[in-house]
Amino acid sequence: MSSQSGARIGVALGSGAAAAGAHPYIEAMDEMGLKPAIIAGCSIGALIGAGWANGMTGAELREHAFSVLGSFQQIAGRLWSGLPDLTGVFKTGLSIQVEARTVSDAFLPDGFPDDFDALQIPLNVVTTDLRAWEELVIGAGPLRPAIAASLAIPAVFRPVMHDGRVFVDGGTTNPLPLDRAVIGADILVGIDVNGMPDEKLAGIEPGMFDAGFLASQIMSQTMIRNMVKAHPPDVYVQPQVNAFGIMEFWRVREILAAAEAGKEQFKRDLAKCVEAFEAGRRAERLPEIKPAG
């Protein structure tokens with residue numbers, strides 16, 4: 001599948017926990033009449049990417065996010081079944097980790113497919129093999145376990161056991177999978193919601209959890225910078241989402257509003273890339289003009 005322009009657009013949706021809700025860029029592409037030819041998603045980006053690959057529009061994704069993440073009570077209700085079973089505490093030990101499969105199933109729309117083959121757009125889901133210490137990309141077979149494996153944030157979610165392997169969050173190895181979205185693409189788009197340094201927080205001592213989260217952001221941004229150098233995107237966006245905590249999913253409306261500021265610039269940048277691609281194709285089709293005589 002390619003866009004109406006003929007350009008094959010590859011889109012990489014990065015990790016970022018709650019901040020990954022900052023995706024008005026899907027709506028922007030809808031408004032431009034463009035569809036990706038391939039989507040690569042990591043962590044929560046895999047969850048959003050799966051909905052997009054299944055044919056949901058940006059507006060539908062927004063409304064679905066509001067319906068399942070619109071308040072703390074809504075989120076808690078959906079996750080309740082994923083909390084530890086107190087009857088098993090004495091057998092397995094007390095754990096506050098949530099099952100990643102429960103989370104992914106809870107937030108996927110009703111009737112969502114079980115297999116990659118049912119998707120309308122090819123999707124590459126990035127996860128990490130915990131025992132092999134390496135990235136694994138899943139693009140075929142059972143879909144739901146792959147999504148769960150990609151978003152299994154260490155210490156927050158229990159690692160996912162699938163096909164004889166142990167998986168955790170894909171963000172630990174490839175937080176912005178540009179290399180998995182560029183395959184066969186004419187135009188590469190990277191949406192990085194991992195965050196960036198915030199000068200307003202300079203000199204303020206972070207709490208224990210904040211320090212750990214910031215350290216993981218630093219590591220992720222180091223990997224992202226290297227990925228951008230290796231596979232430079234034609235359009236690259238970093239929405240200003242530093243004000244939101246890693247698990248503050250209930251602030252989805254605020255997160256989207258904050259990201260809206262970059263939507264029109266994104267459309268202008270992407271339009272330039274599409275126009276340049278079309279101009280290049282027209283130049284290739286022009287017949288060679290030979291001198292008279």
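Below are the figures for this structure:
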quantity: Theoretical gain in end-to-end length, D110 to E260 [0.36 nm per residue, Cα-Cα removed]; calculated: 51.3 nm
quantity: Gain on full stretching of the segment that runs from V156 to D117 - 0.36 nm per residue minus C-alpha separation; calculated: 11.0 nm
quantity: Exposure of R101 as accessible area (Å², to 10), given a probe of 1.4 Å and all protein chains; calculated: 100
quantity: Computed accessible area, M196, all protein chains, 1.4 angstrom probe, square angstrom; calculated: 60
quantity: Cα-based Rg of the stretch 96-206 normalised by 2.2 N^0.38 Å, two decimals; calculated: 1.21
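The values are calculated or read from the model by the stated rules, or taken from the named source; none is laboratory data. Predicted model, so just to flag it, every value in this text is computed and none were measured. Keep in mind that these areas ignore ligands, DNA and RNA; they rest on the heavy atoms of the full protein, side chains included. Shrake-Rupley method; radii C 1.70, N 1.55, O 1.52, S 1.80 Å.
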